[in-house]
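Written out below as structure tokens is the structure these notes cover.
The values are calculated or read from the model by the stated rules, or taken from the named source; none is laboratory data. These numbers come from a predicted model, not from an experiment. Neighbour counts run over all protein chains shown; Cβ positions are idealised from the backbone, glycine included. All accessible areas refer to the heavy atoms of the entire protein, side chains included, with ligands and DNA or RNA removed. Shrake-Rupley method; radii C 1.70, N 1.55, O 1.52, S 1.80 Å.
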Amino acid sequence: MATTTTHRHSGTAEATAGGLTVFAAVLLFIAGVLDLFRGIMAIANDDVFVNTPNYVFKFDLTSWGWIQLVLGVIAMSVSAGLFARATWARVVGVGIAGLAIIANFLSIPYYPVWSLTLIAMYAFVIWGLCVVRRER
């Protein structure tokens, strides 16, 4: 004999879920803006960054600038979808935040404090988007 139960969420749980999505959207937008500025700095004048001669993942800083710029623009556009509470934006937001964490990890020797700050921000974005279960 099988029984089925229906779960009803209180208004508090729904408000918390909406709040975490907005939190992730705002944080994704801010981190995207920071990545955008970082990309512009690297493209315009890569003398701002520390030069690390013996780093395993050695890349041209101008190409890193373009990568950061593109990731920042995509992150800002996905955050607009998160404000509209689109499901696709939650999935893409987790993916973009993951890619941005990898990109920031690889650029730690060039700008360590900013890289670690952005890694933490993107980790909170992933947490905010994954911790809440959507209503069926």
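Here is how the numbers come out for the structure above:
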{"read-out": "Members of the range 71-116 found to be of a type in the set (S, T, N, Q), over 20 Å from ILE43 (Cβ atoms) and open to solvent by 40 Å² or more (accessible area, probe 1.4 Å), listed by number", "value": "THR87"}
{"read-out": "Flag if ALA17 is assigned to a helix (DSSP H, G or I), at pLDDT below 80 and either in contact with a Cys (Cβ under 7 Å, 6 or more places away or on another chain) or surrounded by 15 or more Cβ atoms within 10 Å (Cβ to Cβ) (or both)", "value": "yes"}
{"read-out": "Residue tally, condition of a type in the set (Phe, Trp, Tyr), over 17 Å from ILE30 (Cβ atoms) and in contact with a helix residue (DSSP H, G or I) (Cβ under 6 Å, 6 or more places away or on another chain), over the range 85-129", "value": "0"}
